[in-house]
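Below is one structure; the comments refer to it alone.
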Amino acid sequence: MQITVSVPGKVTLLGEHAVVYGRPALVSAINRRIYIKAESRSDSSIKVLSPDLKLQGLSLKINGGLSDFELEAGERKTQILEPLRYILKAIEVTSGHYGKKSGANIIVQSEMPIGAGLGTSAAISVGTVAAYSVLLGYDIDLNDIARMGHATEVAVQGLASPMDTAITTYGGTLYIKPEGTKPLMERIDMPCNFASVLGYTQREETTSQILKKVKAAKDRNPQVIDLIMDAIGLLVEEARACIKKGDMKSFGSLMNINHGLLDSLGVSTKALNDMVYASRSAGALGSKMTGAGGGGCILALCPDRVREVSLAIRLAGGMPFEVSLSSPGLRIEESSHGH
Ligand code: PMV
């Protein structure tokens, strides 16, 4: 039996970090995807292959207990092993959910940079949960998959909002507000002219490390950081109203304020700020870092200025790429029962 699923990356239009502490966010699935193939094995090992993630035939054995994975990795660098932690945890969570396990080859291919603020950890988690569920003989139930994907992220990172795992599962554009165990979600229709460019620079820190930094800032100055998060939540509400009115100019201004607030949380960098300001000078309606920060990506909203903004990002030292938003969520690409 083998199955290939694909899941989209995402951009947070507004609201990252504050969403971890219960404020709402606006998030959209992008047209770059991760493909996860799961193949049955005759033994009980889990083998992960991904040239894109620099994981070359890593092999893992499940020793009795499901959480007891024996790593036979040659390279043990954090950045390289980070995606592996999500894959293994996703398999453990899925096995635990169904009370069933099986050996598998997991093959990962990515159309976007990993760990760059584009929700790749969520995409890897959700894709692995979905593919492994089918391998174990279960149908895909999107709500179950999103929940297990979120449980995977929480287990690996310690902290995670349900935002990334929801958007990569359901796709489109979502207004999302974490509430108890089930987030409040509303599908948002995007106006057609939301042309955007992403600017990428290498990220040195992982999402988990940056989340810990924000938590430490919040523990040091709880009142101030809470006010900043409240302000981010208000920006999201206003931005949602702007989309409904088709007022992209005001939406862009709200993105700019959101970037300033994220910078005040200490998650932006000089490289990100340079790209943000360069895009604005080149005519973007709004620009901000997107995702956890510490490097990674910025998002520039720039209808009619895509070429100018792309060039400005390049001159500021980043790698520009055009994205379209509101892409489809989790989908099965291929499945077969052959050996
Ligand atoms: O950088 P990414 O793609 O892992 O996005 C993280 C988004 C945060 O809001 C910072 C964390 C979360 O769990 O929502």
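Just so you know, all these numbers are worked out from the coordinates, no wet-lab data involved. Because the structure is predicted, anything quoted here is derived from the model rather than measured. We place every Cβ from the backbone using ideal geometry, glycine too, and count neighbours over all the protein chains shown.
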Notebook entry, point to check: Can you put VAL126, VAL276, VAL48, VAL134 in order, fewest other beta carbons within 10 Å first?
Noted result: VAL134, VAL48, VAL276, VAL126
Check: Suppose R0 equals 25 Å; then what is the FRET efficiency for LEU159 and GLU238 from their Cβ-Cβ distance, rounded to the nearest 0.05?
Finding: 0.45
Notebook entry, point to check: Arranged by the count of other C-beta atoms within 10 angstrom, fewest first, what order do SER250, SER208, SER161, SER196 take?
Noted result: SER250, SER208, SER196, SER161
Check: Among 282-292, 84-94, what's the highest-first ranking by average C-beta atoms within 10 angstrom per residue?
Finding: 282-292, 84-94
Notebook entry, point to check: Per the Debye formula with a single identical scatterer at each Cα and no solvent contribution, what log10 I(q)/I(0) holds for the chain at q = 0.09, 0.13, 0.15 Å⁻¹?
Noted result: -0.45, -0.93, -1.19
Notebook entry, point to check: What length, rounded to one decimal in nm, is gained on full extension from SER253 through to ILE332, with 0.36 nm per residue of separation minus their alpha-carbon distance?
Noted result: 24.6 nm
Item checked: Mean separation of Cα contacts under 8 Å, 6 or more apart, over the residue count of segment 196-323: relative contact order % -> 39 percent
Check: Using 7 Å Cα-to-Cβ label points, what is the TYR98/GLU186 separation (nm, one decimal)?
Finding: 3.6 nm
Item checked: Added length on full extension, which subtracts the Cα-Cα distance from 0.36 nm per residue, LYS212 to ASN31 -> 62.2 nm
Next item on the list: May I ask you to list the aspartates and glutamates whose Cα is less than 14 Å away from that of LYS101, ignoring any residue fewer than eight positions away on the same chain?
Entry: GLU39, ASP43, ASP68, GLU92
Checklist line | Residues ARG203, ARG220, ARG314, ARG240 arranged by fewest to most Cβ contacts within 10 Å | finding: ARG220, ARG314, ARG240, ARG203
Checklist line | Binned Cα-Cα distances of segment 181-281, short to long, each 10 Å bin given as a whole percent | finding: 12, 36, 39, 13, 0
Next item on the list: Provide the three semi-axes, in whole Å and in decreasing order, of the ellipsoid equivalent to segment 91-237 as defined by the square roots of 5 times the Cα gyration tensor eigenvalues.
Entry: 28, 19, 17
Next item on the list: Sequence neighbours fewer than 8 away in the same chain don't count; with that in mind, list the lysines whose C-alpha is under 23 Å from LYS100.
Entry: LYS37, LYS47, LYS61, LYS89
Check: Between LYS270 and GLU111, what is the label-to-label distance in nm when each label sits 7 Å out along the Cα-to-Cβ direction?
Finding: 3.5 nm
Next item on the list: Specify the residue with the greatest mean-square fluctuation among GLY99, GLY318, GLY172, computed from a Gaussian network of the chain linking alpha-carbon atoms under 10 Å apart.
Entry: GLY99
